[in-house]
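A.B. asks: Sharing a structure here in structure tokens format.
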Amino acid sequence: VPEAVVLDVDGTLADTERDGHRVAFNDAFAVHGLDLRWDVEHYGELLAITGGRRRIAAALRATGVDDPDGLAAEVHRTKTALFTDVVRRGGIAPRPGLPALVDDLRARGVRIGVATTGRRAWVEPLLDHLLGPGTAEVVVCGDDVAALKPDPEAYRVALARLAVDAAATVAVEDSGPGLRAALAAGLATVVVTNDYTADHDLTGAAIVREAFDAPDQLTADELGTALV
Ligand code: XBP
Ligand code: MG
């Protein structure tokens, strides 16, 4: 088994994007009276822009408003509050097989970290809900880094705070940008794809799966096989 595992959040621990974040973005646009709505397909393309605030800013720049970055920050604050409320109400379920993997990691004494682009305001309550309070020793959020994935900073910070070597650590991701961030930080990476990321370029992944529990349950031992 690896000494430590660093888990991505969105798309990995839970399918948060299509029915969670995307809906919160659209609700925030309505709150701010913006004629903007992201449908399922278009949102999947927008995920190439990591970070919700930057995603909104890109869309606003295309509409010609005068202060896209300022307005994006304001709309993103609303979106974050709305999504945090969804999380606190228990609206986000773990991906099938993820809880069993986490139980196995804990039973085998594997240390757990989290490295996500998402904002800490909703990441913390989501982790309490999905992993259990205190399960993730280290949680690195978009708030904590200067550069978002695919930049490796979040993974580098997680490794430093865990005080473990990249060579003894496995990352678990769902997407191309996340995979590239983990690889650039020197971590062997397992990718569990979802509907939005099934066609991503996953070159460099040690293992690629479509689910945590199919065709068989992903285990701590299998994550260990990802270490060269
Ligand atoms: C995925 C992201 C995030 C979420 C939205 O992060 O890029 O921006 O889409 O969350 P990861 P925020 O897969 O690395 O966890 O609005 O809080 O950014
Ligand atoms: Mg992800």
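The values are calculated or read from the model by the stated rules, or taken from the named source; none is laboratory data. All values reported here derive from a predicted model rather than from experimental measurement. Using ideal geometry, Cβ is built from the backbone for each residue, glycine included, and neighbour counts are taken over all protein chains shown. Note: areas computed on protein heavy atoms with side chains; ligands, DNA, RNA excluded. Shrake-Rupley method; radii C 1.70, N 1.55, O 1.52, S 1.80 Å.
A.B. asks: I'd like the residue in segment 140-150 that is surrounded by 15 or more Cβ atoms within 10 Å (Cβ to Cβ) and either in contact (Cβ under 8 Å) with a residue 60 or more places away in the chain or of a type in the set (A, V, I, L, M) (or both) and, out of all such residues, is nearest to ligand 2 (Cβ to nearest atom). Please lay out each step first, then the result.
C.D. replies: First pass over segment 140-150, keeping only residues surrounded by 15 or more Cβ atoms within 10 Å (Cβ to Cβ): 140-142, 144-145, 148-150.
Next, only the ones that are either in contact (Cβ under 8 Å) with a residue 60 or more places away in the chain or of a type in the set (A, V, I, L, M) (or both) stay: 140, 142, 145, 148-150.
On the way: V140: 13, G142: 12, V145: 15, L148: 11, K149: 8, P150: 11 Å.
So, considering only residues that are surrounded by 15 or more Cβ atoms within 10 Å (Cβ to Cβ) and either in contact (Cβ under 8 Å) with a residue 60 or more places away in the chain or of a type in the set (A, V, I, L, M) (or both), the one nearest to ligand 2 (Cβ to nearest atom) is K149.
A.B. asks: Let me ask something else. So if I check each of E210, E137, which one is open to solvent by 30 Å² or more (accessible area, probe 1.4 Å) and either of a type outside the set (D, E) or out of contact with any helix residue (DSSP H, G or I) (no Cβ under 8 Å at 6 or more places or on another chain) (or both)?
C.D. replies: Among E210, E137, only E210 is open to solvent by 30 Å² or more (accessible area, probe 1.4 Å) and either of a type outside the set (D, E) or out of contact with any helix residue (DSSP H, G or I) (no Cβ under 8 Å at 6 or more places or on another chain) (or both).
A.B. asks: One residue is enough: does segment 194-202 have a residue meeting the conditions out of contact with any Gly (no Cβ under 9 Å at 6 or more places or on another chain) and either farther than 19 Å from L101 by Cα or not in a loop (DSSP other than H, G, I, E, B) (or both)?
C.D. replies: Within segment 194-202, the first condition is being out of contact with any Gly (no Cβ under 9 Å at 6 or more places or on another chain), and the residues that meet it are 198-199.
Retained after the next criterion (residues that are either farther than 19 Å from L101 by Cα or not in a loop (DSSP other than H, G, I, E, B) (or both)): 198-199.
Scanning segment 194-202, I find at least one residue that is out of contact with any Gly (no Cβ under 9 Å at 6 or more places or on another chain) and either farther than 19 Å from L101 by Cα or not in a loop (DSSP other than H, G, I, E, B) (or both), so the answer is yes.
A.B. asks: Is it true that R95 is assigned to a helix (DSSP H, G or I) and either crowded, with 21+ Cβ neighbours inside 10 Å or modelled with pLDDT of 95 or more (or both)?
C.D. replies: No: the conditions fail for R95.
A.B. asks: State which residue pairs qualify: first residue in contact (Cβ under 8 Å) with a residue 60 or more places away in the chain and inside segment 192-212, second residue among the hydroxyl-bearing types (S, T, Y) in any location, beta carbons under 7 Å apart, and separation of 6 or more residues or different chains.
C.D. replies: Here the result reads V192/T12; T197/S175, each pair linking segment 192-212 to a residue that is among the hydroxyl-bearing types (S, T, Y).
A.B. asks: Evaluate segment 114-123: report whether one residue or more is farther than 12 Å from A4 by Cα, part of a helix (DSSP H, G or I), aliphatic (A, V, I, L, M) and within 14 Å of ligand 2 (Cβ to nearest atom).
C.D. replies: Yes, segment 114-123 contains a residue that is farther than 12 Å from A4 by Cα, part of a helix (DSSP H, G or I), aliphatic (A, V, I, L, M) and within 14 Å of ligand 2 (Cβ to nearest atom).
A.B. asks: Test E3 against the stated conditions and say whether it is in contact (Cβ under 8 Å) with a residue 24 or more places away in the chain, surrounded by fewer than 17 Cβ atoms within 10 Å (Cβ to Cβ) and out of contact with any Ser or Thr (no Cβ under 9 Å at 6 or more places or on another chain).
C.D. replies: No; evaluated as a whole, the condition is false for this residue.
A.B. asks: Test A163 against the stated conditions and say whether it is away from ligand 2 (no atom under 16 Å from the Cβ), over 21 Å from A48 (Cα atoms) and either among the hydrophobic types (A, V, I, L, M, F, W, C) or in contact with a strand residue (DSSP E or B) (Cβ under 8 Å, 6 or more places away or on another chain) (or both).
C.D. replies: yes
A.B. asks: For G64, are the conditions met, namely being free of Cβ contacts under 8 Å to residues at least 60 places away in the same chain and either crowded, with 20+ Cβ neighbours inside 10 Å or not aliphatic (A, V, I, L, M) (or both)?
C.D. replies: yes
A.B. asks: How many residues does segment 24-50 contain that are under 18 Å from W122 (Cβ atoms) and open to solvent by 10 Å² or more (accessible area, probe 1.4 Å)?
C.D. replies: Final tally of qualifying residues: 5.
A.B. asks: While we're on this one: Of the conditions (1) within 16 Å of ligand 2 (Cβ to nearest atom); (2) closer than 15 Å to D8 by Cβ, D201 clears all except one; give me its number.
C.D. replies: Among (1) within 16 Å of ligand 2 (Cβ to nearest atom); (2) closer than 15 Å to D8 by Cβ, the lone unmet condition for D201 is (2).
A.B. asks: Out of A147, A226, report the one residue that is assigned to a loop (DSSP other than H, G, I, E, B), among the aliphatic types (A, V, I, L, M), within 14 Å of ligand 1 (Cβ to nearest atom) and at pLDDT 95 or above.
C.D. replies: Exactly one residue qualifies, and that residue is A147.
A.B. asks: Are any of the residues in segment 115-131 modelled with pLDDT of 95 or more, over 19 Å from G11 (Cα atoms) and out of contact with any Gly (no Cβ under 6 Å at 6 or more places or on another chain)?
C.D. replies: No, segment 115-131 contains no residue that is modelled with pLDDT of 95 or more, over 19 Å from G11 (Cα atoms) and out of contact with any Gly (no Cβ under 6 Å at 6 or more places or on another chain).
A.B. asks: Please verify whether R161 is of a type outside the set (G, A, S), open to solvent by less than 60 Å² (accessible area, probe 1.4 Å) and more than 14 Å from ligand 1 (Cβ to nearest atom), treating the condition exactly as stated.
C.D. replies: Numbers: of a type outside the set (G, A, S): yes; open to solvent by less than 60 Å² (accessible area, probe 1.4 Å): no; more than 14 Å from ligand 1 (Cβ to nearest atom): yes.
No: the conditions fail for R161.
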